[in-house]
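The values are calculated or read from the model by the stated rules, or taken from the named source; none is laboratory data. Because the structure is a prediction, the values reported are computed rather than measured. Because the Cβ atoms are built from the backbone with ideal geometry, glycine has one as well, and the counts that use them run over all protein chains shown. Side chains included, ligands, DNA and RNA excluded: accessible areas come from the protein's heavy atoms. Shrake-Rupley method; radii C 1.70, N 1.55, O 1.52, S 1.80 Å.
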Amino acid sequence: MAPMISNLAAPGGYPTDEHIAYMARRTASAGLIITEYTYVDAVDSRGSPNELGLYSDEVVPKFFRLTDAIHSRGSKIFVQLVHAGRKTRPSLIWGNEPIAPSPAPLLGPVREMGEEDIRRVVREFGDAAERAERAGFDGVEIHGAHGYLIAQFLSPAVNRRRDRYGDGVAFLEEVLGEVRRRTSLPVGLRISASEFDPNGLSPRDVSTIIGRVAGMLDYVHLSAGRDGPLGSSMPFYWRRPAFVDLAREVGAGGLPLLLVGSVVTLGDAEEVLRVADAVVLGRQLLADPEWLPKAVGGKPFRPCIRCNQSCRGFASREVRCDVNPELGWELIPLRPGSGRATVVGGGLMGMEAARTLAERGFKVTLLERGEALGGQLNWLMDPWKREEFLPLLRFYEAELARLGVEVRLGEEGGREEGVWAVPEERQPAFTPYSGKTVLVDSNLYAYQDYAFKWAEENKVVVTERGLEGLDRTRGYLLAEAYRKRGVEVVKDWRDAEAEADVVIREFSRRQPSIGSAIWRGHWMAAEYEP
């Protein structure tokens, strides 16, 4: 299991019951759990609220609860240690000033590290690694990817020092040496195979770095990205699996190689294993913690649709998954039920309601007035979305069949028949245009989809502000996809509006989505009493 920010830890940095249940659930597929990034001091190393932290001996017993839970289920667990460097804010580090190899601002002003800062941080990595060993962890992974402090030292785009630490490997060597000296645990390094920046680390640079520190490592874990917009969690506009070609360029200097990046199917995993020794699963284990036994056994599993919505952006919320309504709620089991139940509506809400009721033990009938299940999923016109989202519909069809749900198409039901799973609000329907200039100034997903279809017979202009609610990587790659299909993306909507024949302007803070439909269906069924 890949290290992924969850915000499920306590404000004090130790695992909560919810956090432990979330990670333990993933042992159904993962022989090795790698924790989310874990800060090493209570001074300036934290990067997000409710992040794990091994900054004090006082939290060690709480971490022991986590390692016991994982070991009891037959898996191993490594802790990933991090210092955020410039990738944080004073409000997250107790009012202190962010530090970095060089005073290159990112989220705000940063202070260049002096020799004493460097010695302190090196020592704190060793302190945290010692605590990890005492807390029962099976290994330590040093986070040298994604633009955090060690990556800041390694990247020529960020490190502008003129002393010996201008060679960022010197800092990495000191950290690895301290961790090695202080513990007997296996030690790995996570590093970005590419920073997607001509001034940053290239695969060749990364290969050289790994070669220089290979003698201090037990494995290498390849990811990608620095400060965005391109990074490790690639959306559906990027190939799958994501980084096989980069990994082939980098190699691992003879060390065992772990590789992450958009693994959804067994075929994806097998492709990764052509270049790596182990597959690292991220979002797919959020979507379905039992992915591996289900996939190997030929059973339906929830596919990660790589939407990058509820599993990203952790300034103010915990991790969630648009296709898995149980993520983050692992401590709330489904109550058993019995008897018959009818669900009205065969869209995502209704299919999830029917699935959940069947899991509880009800004999379920699902009524859908149309001729096919799927509801608004059938409206998709974005070709990339269709490829990635329609397997979700296939999952529900197979799952309902497996659970013995009776599906009646072409049959309309009423509210009085049982569970009413017809959405109160829908995405707007498609309106055809021809020979027009169409301005799409909207954050509604449907209009973003329809832009591809409209572009076949019209000039289409999309505003940047309409993409702002998307995950940054998804928004960036969607804009690239638009340009390839002849859709213009503009910053100033006023100029575009003057030339438009059709202006579509609609913004919503909480628009209908795959996640909201599935979550609603799940909880109405989880709480249903006949």
Worksheet item: Among the residues of region 160-176, is any in a loop (DSSP other than H, G, I, E, B), more than 25 Å from the chain's Cα centre (by Cα) and under 17 Å from MET216 (Cβ atoms)?
Response: yes
Item to complete: Report, ordered by the first and then the second residue, all pairs with beta carbons closer than 8 Å, sequence separation of six or more or different chains, a first member in region 326-348 that is touching a residue at least 12 places away in the same chain (Cβ under 8 Å), and a second member that is surrounded by fewer than 19 Cβ atoms within 10 Å (Cβ to Cβ) and hydroxyl-bearing (Ser, Thr, Tyr).
Response: GLY337/TYR528; ALA341/TYR528
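Can you tell me which residue among VAL121, VAL110, VAL82, VAL60 is closer than 14 Å to ALA135 by Cα and either free of Cβ contacts under 8 Å to residues at least 40 places away in the same chain or open to solvent by less than 40 Å² (accessible area, probe 1.4 Å) (or both)? Write out each step before concluding.
Working: VAL121 fails: closer than 14 Å to ALA135 by Cα; VAL110 fails: closer than 14 Å to ALA135 by Cα; VAL82 fails: closer than 14 Å to ALA135 by Cα.
Of the residues listed, the single one that is closer than 14 Å to ALA135 by Cα and either free of Cβ contacts under 8 Å to residues at least 40 places away in the same chain or open to solvent by less than 40 Å² (accessible area, probe 1.4 Å) (or both) is VAL60.
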Worksheet item: Is it the case that some residue within region 214-222 is open to solvent by 10 Å² or more (accessible area, probe 1.4 Å), outside any helix (DSSP H, G or I) and closer than 20 Å to TYR39 by Cβ?
Response: no
Worksheet item: Checking ILE142 against (1) of a type in the set (Val, Ile, Thr); (2) open to solvent by less than 40 Å² (accessible area, probe 1.4 Å); (3) without any contact (Cβ under 8 Å) to a residue 60 or more places away in the chain, which test does it fail?
Response: (3)
Practice prompt. Evaluate the following for ALA242: is it buried (at least 21 other Cβ atoms within 10 Å of the Cβ), part of a loop (DSSP other than H, G, I, E, B) and free of Cβ contacts under 8 Å to residues at least 24 places away in the same chain?
Written response: yes
Worksheet item: Just wondering, is there one or more residues in region 249-272 that are open to solvent by less than 20 Å² (accessible area, probe 1.4 Å), touching a Phe, Trp or Tyr at 6+ places or on another chain (Cβ under 6 Å) and among the charged types (D, E, K, R)?
Response: no
Worksheet, complete the sentence: Flagged in region 367-410 as free of Cβ contacts under 8 Å to residues at least 12 places away in the same chain and more than 26 Å from ARG240 (Cα to Cα), in numbering order, are ALA401
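Can you pull out the strands (runs of 3 or more DSSP E) entirely within region 268-383 that have at least 2 residues that are of a type in the set (Val, Ile, Thr) and over 25 Å from ILE77 (Cα atoms)? Full working, then the answer.
Working: elements: 278-280, 340-344, 363-368.
Counting at least 2 such residues, we get 340-344, 363-368.
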Discussion item. Please determine whether any residue of region 251-262 is more than 17 Å from ILE34 (Cβ to Cβ) and not in a loop (DSSP other than H, G, I, E, B).
Written reply: no
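Could you list, in sequence order, the residues of region 424-448 that are open to solvent by less than 40 Å² (accessible area, probe 1.4 Å) and under 15 Å from GLN511 (Cβ atoms)? Break it down stepwise before answering.
If we filter region 424-448 for residues that are open to solvent by less than 40 Å² (accessible area, probe 1.4 Å), which is where we start, we get 427-428, 437-444, 446-448.
GLN427, PRO428, VAL440, ASP441, SER442, ASN443, LEU444, ALA446, TYR447, GLN448 - these are the residues of region 424-448 that are open to solvent by less than 40 Å² (accessible area, probe 1.4 Å) and under 15 Å from GLN511 (Cβ atoms).
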Worksheet item: Which members of region 361-389 meet the condition of being open to solvent by less than 10 Å² (accessible area, probe 1.4 Å) and touching a Gly at 6+ places or on another chain (Cβ under 7 Å)?
Response: LEU366, LEU367, GLY374
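Residues that are in a helix (DSSP H, G or I), modelled with pLDDT of 95 or more, within 22 Å of VAL260 (Cβ to Cβ) and aliphatic (A, V, I, L, M): does region 92-105 have at least one? Outline the logic, then answer.
Of all residues in region 92-105, those in a helix (DSSP H, G or I) come to 92.
From what's left, modelled with pLDDT of 95 or more: 92.
Narrowing the set further to residues that are within 22 Å of VAL260 (Cβ to Cβ) leaves none.
Scanning region 92-105 turns up no residue that is in a helix (DSSP H, G or I), modelled with pLDDT of 95 or more, within 22 Å of VAL260 (Cβ to Cβ) and aliphatic (A, V, I, L, M).
Can you spot a residue in region 147-158 that is out of contact with any Gly (no Cβ under 8 Å at 6 or more places or on another chain) and surrounded by fewer than 20 Cβ atoms within 10 Å (Cβ to Cβ)?
In the first step, residues of region 147-158 are kept if they are out of contact with any Gly (no Cβ under 8 Å at 6 or more places or on another chain); the result is none.
Scanning region 147-158 turns up no residue that is out of contact with any Gly (no Cβ under 8 Å at 6 or more places or on another chain) and surrounded by fewer than 20 Cβ atoms within 10 Å (Cβ to Cβ).
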Discussion item. All but one of (1) at pLDDT 95 or above; (2) in contact with a strand residue (DSSP E or B) (Cβ under 6 Å, 6 or more places away or on another chain) hold for TYR450; state the number of the condition that does not hold.
Written reply: (2)
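Please tell me if PRO203 is open to solvent by 60 Å² or more (accessible area, probe 1.4 Å) and under 30 Å from LYS484 (Cβ atoms).
no
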Practice prompt. Could you tell me whether any residue of region 221-237 is of a type in the set (D, E, K, R) and touching a strand residue (DSSP E or B) at 6+ places or on another chain (Cβ under 9 Å)?
Written response: yes
Worksheet item: Here are some residues: TYR22, TYR37, TYR55. Which one is part of a loop (DSSP other than H, G, I, E, B) and either modelled with pLDDT of 95 or more or in contact with a Ser or Thr (Cβ under 7 Å, 6 or more places away or on another chain) (or both)?
Response: TYR55
Worksheet item: Which condition does TYR237 not pass, out of (1) buried (at least 24 other Cβ atoms within 10 Å of the Cβ); (2) within 30 Å of GLU387 (Cβ to Cβ); (3) of a type outside the set (D, E, K, R), if it passes all the others?
Response: (1)
Response to the item:
Matching residues in region 125-139 (in a helix (DSSP H, G or I) and either open to solvent by 20 Å² or more (accessible area, probe 1.4 Å) or hydrophobic (A, V, I, L, M, F, W, C) (or both)) number 9
Item to complete: Select from region 1-38 the residues that are aromatic (Phe, Trp, Tyr) and either open to solvent by 20 Å² or more (accessible area, probe 1.4 Å) or closer than 15 Å to PHE137 by Cβ (or both) and list them in ascending order.
Response: TYR14, TYR37
Worksheet, complete the sentence: VAL279 vs (1) in contact (Cβ under 8 Å) with a residue 40 or more places away in the chain; (2) within 17 Å of the chain's Cα centre (by Cα): all pass except (1)
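Considering only region 449-522, give the strands (runs of 3 or more DSSP E) lying wholly within it that have at least 2 residues that are surrounded by 19 or more Cβ atoms within 10 Å (Cβ to Cβ). Spell out how you get there, then give the answer.
On the way: elements: 459-463, 488-490, 502-506.
Filter on region 449-522 gives 459-463.
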Worksheet item: Name the pairs: first residue in region 296-325 and touching a residue at least 40 places away in the same chain (Cβ under 8 Å) and over 20 Å from GLU36 (Cβ atoms), second residue surrounded by fewer than 21 Cβ atoms within 10 Å (Cβ to Cβ) and small (Gly, Ala, Ser), Cβ to Cβ under 7 Å, at least 6 apart or on different chains?
Response: PRO300/ALA398; PHE301/ALA295
Practice prompt. Just name the residue that is farthest from PRO15 (Cα to Cα) out of those in region 280-339 that are open to solvent by 50 Å² or more (accessible area, probe 1.4 Å) and of a type in the set (A, V, I, L, M).
Written response: VAL296
